[in-house]
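> Handing you this structure, nothing more for now.
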Amino acid sequence: MYRISRTLPEVDLWLSLHDTTPRVTAKRQAVYCHTSFPFMKPTLRDVWMDAKIPLFTLFTRFAYWINVKKNRYLVVQTAWMRDGLSKLIHFPTDRIIVSPPVFPAPGRQDVMSAEPLPLFLYPSTPDCHKNFETLCRAARLLEMRGLRGKFRVVITVQGTENRYARWLKKKYGTVSSIDFHGFMTKEELYAYYEKSACLVFPSRIETWGLPISEFLPLGKPMILADMPYAHETAAGAGEVAFFDGRDAVALALRMEEIVKNTRIHFGPVGKKAIVEPFSHGWEELFKKLLS
């Protein structure tokens, strides 16, 4: 990047979009920090399932430090990450801009077919930190509580993608309520959003939590891991229940409320004002970066 920067006319702003700060010649630099792995606590199971993820956790903690003082600003998606990153690399919070993703209003999708049973959907990649096992355990618990045949769980894991996916399929493939659907196109995913009774999102770490934002405009219930990213992303939602992401019993109890249509532990998530520096959309962000 340094050699490239030397071939350019005088650069007013060099914005790096992927967490690391290159050595370049520019009037001002900024870096977009969107990797939450430094805040994850790896387990021995993570090492066994996919050693790259714990290693990446360690690497990104180091990578954020490199040349970071050269930046006039850092850019993050959430207030929780601004606070965490400031503590991690000792960077002043008044130079970390919170710029949440902006999503266009989704169009209505054609529902593929009427869904006779309450459908719980968890769309995500088959990575060990996504914590599919807690949802699978909860589904099995519900069947043991006499609710077999009274609900469905759809996950975007087929069971062949990697070691973690194969482990999930081997351990929970006999749970009749779980549909190991596999990858979905965007159109298919949005159709499943339309016919789902509830979104479940137990991921152990996220910067934002994209499915939460995609599902929120539908106004349907969500069951989310009690993590900072989930509280921030779900702000403004009308019916949310939070649970300890490792507690399958707690998740099963919240899912049972959906099946039985009680929902006594669901409620609205208030919006909190985000202190400056803050931007809404790319145009506002670039005005701040170039100021």
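Derivation of every value follows stated rules applied to the coordinates shown; laboratory data play no part. On a predicted model such as this, the values are computed, not experimentally measured, just so you know. Cβ atoms come from the backbone with ideal geometry, glycine included; neighbour counts cover every protein chain shown.
> For a quick check: with amide H placed at 1.01 Å from N, whose amide H comes under 5 Å from residue 36's, ignoring anything fewer than 5 positions away on the same chain?
207
> I'd like the distance separating the alpha-carbon centroids of region 120-180 and region 1-64, in whole Å.
33 Å
> Counting Lys +1, Arg +1, Asp -1, Glu -1, what net charge surrounds residue 64 among other residues with beta carbon under 15 Å of its beta carbon?
That sum, taken over residues with Cβ under 15 Å, equals +4.
> What's the local net charge at residue 91, with K and R +1, D and E -1, over the other residues with C-beta under 12 Å away?
+4
> Before rounding to the nearest 500, sum -39500 (n - 2.57) across all DSSP H runs of length at least 4 in the chain and divide by the residue total; then give [θ] at 222 nm in deg cm²/dmol.
-9500 deg cm²/dmol
> Moving on. Taking Cα extents along the principal axes in Å as the quantity of interest, determine which of [x] 67, 38, 32; [y] 57, 40, 39; [z] 47, 44, 41 was computed from the displayed structure.
[x]
> So, one more: Sorting 243, 62, 278, 215 on the 10 Å Cβ count, fewest up front, what's the list?
62, 278, 243, 215
> For region 119-259, rounded, prolate or oblate, judged on the Cα gyration tensor with a ≥ b ≥ c (square roots of eigenvalues), a/c < 1.5 rounded, else prolate if a/b > b/c?
Note, shape of region 119-259 comes out rounded.
> What pairs in 130/171; 195/260; 87/271; 87/130; 186/287 have C-alpha atoms more than 21 Å from each other?
With Cα atoms farther than 21 Å apart: 87/271; 87/130; 186/287.
> Mind checking which of 210, 168, 255 is farthest towards the positive end of the chain's charge dipole, using Cβ charges of +1 (Lys, Arg) and -1 (Asp, Glu) about the Cα centre?
168
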